[in-house]
Structures are given as structure tokens and as C-alpha cells.
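**Student:** This is the structure I want to talk about, given as C-alpha cells.
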Amino acid sequence: MEKNTYDELIAGIKGAKTFALITHKFPDADAFCSKKAFARLIRNVNPEATVHKFVEYNDKENLGRYEHLFHNRLDELNPEEPLQQYDMVVALDCAEPHRMGKYLPIFENGKTTVNIDHHENPKYADKNYVDDKASSTCEILYEIFKEQDIHVSDSTASVLYGGMMTDTGHFKNNATARTFRIVSEIFDIASPERVNELLSDKTVEGTKIFRNCKQNFLYDGRFAVANITQKDIEDANATYRDVLGMSDELLSHRGVYIAIVFAHEKDGLIRASCRADKGHSIVDIVKSQGGGYSSEQVGAFSSKKHVDEVYTELMPFIEKQINQNVVEHNPFLDATSYARFAHPKKQSLKHLLQSAIMLHPVIKQ
Ligand SMILES: [Mn+2]
């Protein structure tokens, strides 16, 4: 990326009075953290400006997971009022315009539009800062702060770290030497307490669910699946948001390429959180149910269909992913252990998913 592009961005920020920051719907930590960090960048460069922040989240619970980062200072669009035109509208972590959800009209109505992202991205804005080699949008933002000599506070450093850590699955996916160089600089700036604060969002209720998940998940060596029923959630006095993140845990088992955690809610709604190992993708899996994804490795969907139907529809996509041979990226598996993990006792996926239902008969509606 050319150096003067960031100069142009900063000049644009200095010349604008009103800003709207938008990130993708079904936001993850990189979305929230990059938005927060960019608001601070604006405050440093142009303290008089007004900044509005928009994000379409799927429910309050999803927001709740990150509310300690936001204190609920998010703006909402009032459909009764005419659409405001902002001097600069910045899309953060949005691979495609439609991922802005209901806030896309604000973007389209912006005097100047900016697109900062680390996905494969068609560069849909007036000014595009797209780097698909970056681990996260927060990684790109850190480089903008540094290159432009903008002060990175203790708190901003930890926010940027939050986006980098989560988008890389705790530095297991897409983390590069560049990522770790930045992380080492962040640890020079941020106090460990701040960073740990970001990590301490676990709840005791979540841990109870987690224990259940760990005892009851099923796997065939390459694919791991767990079902969390409404009863499990109620018994633990937990909420759906406590269930998020367990798919990361399932994926961390040796040899597992794809992990899905299903949460079954009272009204028959199924929510699924999907993860893929490097070299694999959950994109087709979540797309088959109209879900969203923040990278090839991380996605989610919800469905009102019967669980059997959802499983049947997912199966070919899961099968395609787990049958791909990507053994070469795991240096820790020698030929013998690979044979054991990659070719476990043949158990059909259908059987596996059926067992998952039988284990939790309560989800059979
Ligand atoms: Mn991201």
C-alpha cells in the first residue's frame, strides 16, 4: 500500500465535520473493536468532529458480549426521519456493501465513502484501504495509527489487540510475523490488566454450558458437533450468548477441520456457530442456511427449520470440507497419527448427526 494513501485518508478526516462508522451485521470483536479504534483515530485527528456509530446486530445478546467495549453508545437509524448525509462514511471490516445490513443507505448517501477491510473485497468505496494479507481490520488500523504518528493509548492498544486476537482465533489462524510484530508493540503500550479485561468476558453460566458441551460433543476425527438444548441453557441459567465461542473450543481438537455448535431455543429457532481450520471454509455451510461469516473460518446462521432438515442440507457442504486433504499444514501429525485422525473408524456423517439428535432427544420437536 502506498504511503500517501494514508495521508489522503487523514487529510479527508481533517476536512470533515460529520462521520458515520458502519461495520458488518452479525458483528464480531474485530468489527466492534475496529469501529471503536477508528472513532478514537478521528478524535485524535479532528477533535471537533461528531461521530455516529452504526451496527446491525442480530440481537441484544450478541451486543451484550461486547458491551463492555461500548457502554451501549451506538446510534440507531430512525426510519421516521430523513436520511442524514454525513461528510465521511467509513465501512470497517465489511467485505461487501450488503454486509452493512440496514445501514447500507447511510453509506450510499455519504459525501465521501471509505472502506477499510482485510477480506477479499471489491473496493466499493471512494477510498479503499483493503489488505487481504492482514489478519484483521484492527491490524490495518494499528498500522495507520503508527504510520501517521497518531497517539495509541493504553486503552486503544488493547481494543486493537482484541480484534486481532479474536479474528485469528487466539493467533492460530491468519496470524503472520507482521501480526506478532504489532502484538509485541501493543504489549509495550497496553497494560496487561487492559488486555486481560478483554479476555475476561467468560461467565460462570457459560462455563456450565461449556462443561456440558465438552462432555457431550461428538466427532468423527475431522468434524466435531455439539448440541446445546434450551433445557441445557436454562439449567445453567445461561443465555445464547454464553454458547458463542464454544465452536472455537471444539475446533481446537487435533485433526478436527470443521466444528459446529447448535443452540436450540424455545420457539424452535436453531442457532449455529461454525468454525473451520486453516485451509477449510465454513462459507458454503453458513450460506446454505442464509447465514453470515466474518472470514472463511468463522460464521454463524440461524434457522427456523426442523433440525433434521437443517442437518440434511448441511451434510454435503460439511462432507466436502472434511474430505479435503490438507495434512501438510499440520507439522505435528506424522504419517501414522494422521492416518488415525484423518481416517477414523468409518462413521457416516449422517449417523453422527443422528446420534447428536438422539443424545438430546428434547430437541426432537
Ligand atoms: Mn475482521
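FYI, it's all coordinate maths here, none of it is from the lab. Model, not experiment: these values are computed from the prediction. With ideal geometry, Cβ positions are generated from the backbone for all residues, glycine too; neighbour counts draw on all protein chains shown.
**Student:** Peptides 87-99, 284-296: what's the order by average Cβ count within 10 Å, highest mean first?
**Tutor:** 87-99, 284-296
**Student:** So if I restrict to the alpha-carbon atoms in the stretch 3-199, what is the Rg, and what is Dmax, the biggest pairwise distance, in Å?
**Tutor:** For the stretch 3-199, the Cα-based Rg and Dmax read 15.6, 49 Å.
**Student:** Holding the Cα-Cα limit at 21 Å, pick out from Lys123/Lys320; Lys231/Lys304; Lys133/Lys320; Lys127/Lys287 the pairs that are longer than that.
**Tutor:** Those over the limit are Lys123/Lys320; Lys133/Lys320; Lys127/Lys287.
**Student:** Related question: Roughly what would the spin-label model give for Lys146 and Lys17, points 7 Å off Cα along C-beta, in nm?
**Tutor:** Label-label distance for Lys146 and Lys17, simple model: 3.7 nm.
**Student:** Could you check the simple spin-label distance between Glu309 and Glu193, using points 7 Å along Cα→Cβ, in nm with one decimal?
**Tutor:** So the label points at Glu309 and Glu193 sit 5.3 nm apart.
**Student:** Just grab the label-to-label distance for Lys231 and Glu120, each label 7 Å out from Cα along the Cβ direction, in nm (one decimal).
**Tutor:** The modelled label-to-label distance comes out at 4.4 nm.
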